[in-house]
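Read the structure below first, then the notes.
All of the numbers you see were taken from the coordinates with simple rules; none came from a lab. These numbers were taken from a predicted model, which means no experiment stands behind them. Please note: Cβ atoms are built from the backbone with ideal geometry, for glycine as well, and neighbour counts cover all protein chains shown.
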Amino acid sequence: MNTSLLIKNGILVTENETYPADILIEDERIDAIGQNLTAPAEAEIIDASGCYVLPGVIDPHVHIQLDTGVFRTADDWETGTATAALGGVTTVIDFATQFPHQTASEGIAARHREVLGLETTDLDQLASSPPQTPHPPYIDYALHLMLTVLPDEDEELDAWMQDVRAAGVSAIKIYTTYRPNYYQNDAELLRSMRAAARADRVVMVHAENDAIVSEATQRLVAQSKTDLSYHGKARPGFAEIEAAHRVIFLADHARAELYIVHNSMGGTVELIEKARQRGQRVWSETCPQYLLMNETRYEGDDAWRYIMQPPLRDPYQPAHLWQMLASGAVQSLGTDHCDYTQAQKLGLRPLRDASIQSALSTLSPLARDVIIARFGLFDGRPRTQMETSHYLNLPLEQIQQAENSAFAQIPGLAEQMMALITDLQRLDSSVSPSQLPFTQTPGGLPGLQTALPLMITYGVMPGHIDWPDLVRLMSANPARIFRLDHRKGALRPGLDADIVIYDPQGTDVITDSEQATIGGFTPYKGMEVIGRVRDTIVRGQPIVRDGELIGPRGWGRYAPSRV
Ligand SMILES: [Zn+2]
């Protein structure tokens, strides 16, 4: 493969400065940075005139192919990382869940199996073996461990933490809410934090006071106030601030490093900043959704687009968060990307329909899989035959044959499926589509593809932050906090050549149809952005060029953290 690449004439952005320079890439690493570099004769030259050249975005908070046990997103690692690469993201830090019947190691091994299809946790093998899944990643990934049920004995928990460390996982994630799946009470939080501290692991916390949120939710349900407009009321902002206050106190007591995810309240960031000034090791993460939108979004028919936890806040919060961001009190930016389909958000589950179930039960397993994927019975997203072929990793002919035989075998099935597609398509233009109560709508938004253009347009351009701040928030700090900085997060010779070239010319309006997600919608629909991600380079390999995904599938590898 091509081993030399020279990026010429761009404006480099580091976390300290911006300056014109060229970057020479040899193999997968940055070889040299300087003015008027000359390339080896065989080098490919990329002209970045008029463009900013930044370290690739490291998104520290991502849920690709998520299975919560209740909901499952319909994406896979190929589409999840395609939408990331198109947004200038070169590394995602996702989560391995330790499900209740598993040890930490088993949870991590299972996640590697899902991403790469490899039956190993050996770091050398993960780095060198080609992926074996039909839908492998385009870009690199790292992992946090989502800890659910703790073992009884601290000795065993300590052994888990050593395994986590050896697996190249720098952080554990715990929750103060979501009974009964993820919730940890205060004693469990303290145990987790102490064990993490003993193994020098970072503790990430989703902070919302569970009792306050549960009581508010129950009160709304008792009053039959369950349409989506009440979502924000069920999770008041002070519940986040209270939980942040408590976990900062507990982490200080446990001497654990703390990272509080998705701060949606300016007050949460203020608490973190005060603790930092006292010398505590604690970091603040916010997300574009909390900077750019507020709770008035829950008023319209599009409310389903914005169901997330924590919810969008009162209209004063975004300004407060921008102010905190500008002051340097926020250290990290994540998206909390989560790719549910519109049908899932609205509660449409065609596969639950009794007549569809009985029809499917008479088909062969292959024909059943084809019909389910083709007509979106699982996720409400119909696919063309070609997309179905890709989704199931089967030849197009086999898809056509299976579909034809199913239609021949069951009279009326074709009409039933076409009617369903019409129904699903009507959602797009429907004035008030059917909606679940907010208590049952899966929470989460896609964000990987839009985060960088939005932060440039609404953060850098109006002067809330400058270009180096952007790099610090979206690359350098996530790499440092999660111990990937020996390889990633900066433009420096010797580091991985993870680079995004951003063309600031022109404006564009964000649309649903441009999203490379499975869900195919974006909460930022209709917002204007300045410029675009032109090229995304991952370890020296162009993955996106001139805004088009061109990279080889399966280029992504596991990026373990420093021990
Ligand atoms: Zn999350």
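Kindly point out which whole DSSP H helices in the chain project their C-alpha atoms 15 angstrom or further along the helix axis while averaging a Kyte-Doolittle hydropathy of 0.5 or above.
Flagged H segments are 237-254.
For segment 481-544, just say rounded, prolate or oblate: build the C-alpha gyration tensor, square-root its eigenvalues into a ≥ b ≥ c, call rounded for a/c under 1.5, and beyond that prolate if a/b exceeds b/c, oblate if not. Walk me through the numbers before you get to the answer.
Details: a/c = 2.46, a/b = 1.91, b/c = 1.29.
Prolate.
In nanometres, what is the gap between the two model label sites at residue 37 and residue 156, each 7 Å from Cα along Cα-to-Cβ?
Taking the simple label geometry, residue 37 and residue 156 are separated by 5.2 nm.
Could you state the number of Å between the C-alpha centres of segment 1-67 and segment 516-549?
17
Return the inverse of the average 1/r over all pairs of distinct C-alpha atoms in segment 1-146, which is the Kirkwood hydrodynamic radius, in Å to one decimal.
Final number for the Kirkwood radius of segment 1-146 is 17.5 Å.
Multiply the residue gap between residue 320 and residue 525 by 0.36 nm, knock off their C-alpha separation, and tell me the result in nm, one decimal place.
Additional length available on full extension: 71.4 nm.
Given 10 Å bins starting at zero, what is the percent of C-alpha pairs of segment 82-191 in each, up to the one with the largest pair distance?
Pairs per bin, as whole percents: 13, 42, 30, 14, 1.
Each label point is 7 Å from the Cα along the Cα-to-Cβ direction; what then is the distance between the points at residue 408 and residue 215, in nm?
Output for this residue pair reads 6.5 nm.
Could you name the aspartates and glutamates in cross-link range of residue 225, using Cα to Cα under 14 Å and dropping any fewer than eight places away on the same chain?
Residue 225 reaches 215, 299.
So what is the 222 nm mean residue ellipticity for the chain from helices alone, if each DSSP H run of at least 4 adds -39500 (n - 2.57) and you divide by all residues, rounding to the nearest 500 deg cm²/dmol?
That comes out to -10000 deg cm²/dmol.
Using only the alpha-carbon atoms of segment 335-395 as identical scatterers, what base-10 log of I(q)/I(0) does the Debye formula give at q = 0.12, 0.26, 0.30 Å⁻¹?
-0.33, -1.10, -1.20
Over segment 349-429, what is the relative contact order in percent, taking alpha-carbon pairs closer than 8 angstrom and at least six residues apart? Each step should come with its number before you reach the end.
Details: 64 pairs, mean separation 21.5, N = 81.
Relative contact order comes out at 26 percent.
Using only alpha carbon pairs under 8 Å that are at least six residues apart, calculate the relative contact order of the chain and give it in whole percent.
22
What's log10 of I(q)/I(0) for segment 163-209 at q = 0.28, 0.33 Å⁻¹, Debye sum over Cα points only, no solvent?
Values returned for q = 0.28, 0.33 Å⁻¹ are -1.02, -1.19.
Ratio of alpha-carbon Rg to the 2.2 N^0.38 Å globular estimate for segment 291-404, to two decimals, please.
For segment 291-404, the normalised Cα radius of gyration is 1.57.
If you average 1/r over every pair of different alpha-carbon atoms in segment 349-429 and take one over that average, what Kirkwood value in Å do you get?
Evaluated over segment 349-429, this radius sits at 12.6 Å.
I'd like the per residue volume of the convex hull spanned by the Cα atoms of the chain, given in cubic angstrom.
150
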